[in-house]
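Working notes, beginning with the structure itself.
Readers should treat all values here as calculations from the given coordinates under stated rules, not as data from a laboratory. On a predicted model such as this, the values are computed, not experimentally measured, just so you know. Note that we place each Cβ from the backbone using ideal geometry, even for glycine, and neighbour counts take in every protein chain shown.
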Amino acid sequence: MLKESTIAQQLDHRTIRTFKQQPVTAELISELVAVAQHTATSNFQQAFSIISVTDPAKKKQIAAVSNQKYVADNGHLFIFVADQHRNQQIGAEMGKTANRLGDTDHFLAAWSDASLAVQNTVVAAESLGLGAVILGSILNDAQQIIDILQLPQLTFPVLGLAIGWPDQKPQLKPRLPERFVHFENTYQLPTPVKPDLVDYDAKVHEYYDLRDANRRVDTFTNQVQKRLMLRPAKRAELLPVLRRQGFLLE
């Protein structure tokens, strides 16, 4: 029954953007952090950190970067950080001056550690009846997030996560048919792609119409097409910001 209920919970995942005026207790926050810490980690380096943002002024600044006003509202805000700074500091204290923790391999390990921890935290939060929204939008201005949180060298913000007690129950967002994402032995994308997505496009269109009839977003394929040329200005600066933080210098 536990297995079935966990899968049912995951299949029922909905992004929650509106939370009740009910705080998440310190005990629950600590429990969720413990869950994040028990996530699988590359080579047991535990190369991520979590920052709880409780300062209302900082939350407003991060909401502005995300262009999501609800980030500053109710709920608890985490920022998950790729962190090789801690391991560099450990090595320095043990007399090691050589440092390859900023290379691509170590950066990707830290990024995956942080990303996996986010998803584990979401599953745990939802099991407790909490809702969550993952915020990739913090990368709209990565340098500003670094400045707000005073992140040191060899750290980089990966994802935000806002959690709280849900004050809405949106519809389930339809996902791509399995044959477009699950292959056997080799990559086998059906071609052409778009004609086979007509029914899925219709479901996505209906989802957005029902969610907000005044703000229609037509289809999945049209959203993909728009993204081909869309890139917020500050996101074009991600590589220079990463290098200023000491990553990807090789």
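Is the shape of segment 141-227 rounded, prolate or oblate, going by the alpha carbon gyration tensor and its root eigenvalues a ≥ b ≥ c, with a/c under 1.5 for rounded and a/b larger than b/c for prolate?
oblate
Which far-off residues, 5 or more places away or on another chain, put their amide H under 5 Å from the one on Val158, with H placed in the peptide plane?
Under 5 Å from the amide H of Val158: Phe80, Val81, Ala82.
Within the chain, which complete DSSP H helices have Cα atoms spanning at least 27 Å along the helix axis and a mean Kyte-Doolittle hydropathy of -0.5 or higher?
The answer, listed by residue number, is 104-127.
Using alpha carbons only, how many angstrom separate the centre of segment 116-186 from the centre of segment 1-71?
8 Å
Apply the Karplus parameterisation 6.51 cos²θ - 1.76 cosθ + 1.60, with θ equal to phi minus 60°, to every residue of segment 239-250 and state each ³J(HN,Hα) to the nearest whole Hz, in sequence, with x for glycine and proline.
5, x, 5, 4, 5, 5, 7, x, 9, 6, 8, 6
Which of His106, His38 has the fewest other C-beta atoms within 10 Å, and how do the rest follow up to the most?
With the fewest neighbours first, His106, His38 line up as His38, His106.
Give the order of Ile90, Ile16 when sorted by the count of other beta carbons within 10 angstrom, beginning with the fewest.
Placing the least packed residue first, the sequence is Ile90, Ile16.
If the chain between Thr15 and Tyr70 were fully stretched, how many nm would it gain, using 0.36 nm times the residue separation less the Cα-Cα distance?
18.5 nm
For the chain, how many pairs of lysine residues have a Cα-Cα distance under 27 Å, where the two are 8 or more positions apart or belong to different chains?
Close lysine pairs found across the chain: 28.
Taking θ as phi - 60°, what are the ³J(HN,Hα) couplings along segment 132-137 by the Karplus curve (6.51, -1.76, 1.60), each to the nearest whole Hz, with x for Gly and Pro?
Listing the rounded values in order: 8, 9, 8, 10, x, 5 Hz.
Between rounded, prolate and oblate, where does segment 1-51 land on the alpha carbon gyration tensor, with a ≥ b ≥ c its root eigenvalues, rounded for a/c under 1.5, else prolate if a/b exceeds b/c?
It comes out oblate by the Cα gyration axes.
Given charges of +1 on the Cβ of Lys and Arg and -1 on the Cβ of Asp and Glu, with all other atoms neutral, how large is the dipole of the chain about its Cα centre, in debye to the nearest 20?
660 debye
Given labels modelled 7 Å from the Cα in the Cβ direction, how far is it in nm from Arg175 to Asn99?
4.0 nm
With the Cα gyration tensor of the chain giving a ≥ b ≥ c as the square roots of its eigenvalues, does the rule (a/c under 1.5 for rounded; else a/b larger than b/c for prolate; else oblate) give rounded, prolate or oblate?
Cα axes put the chain in the prolate bin.
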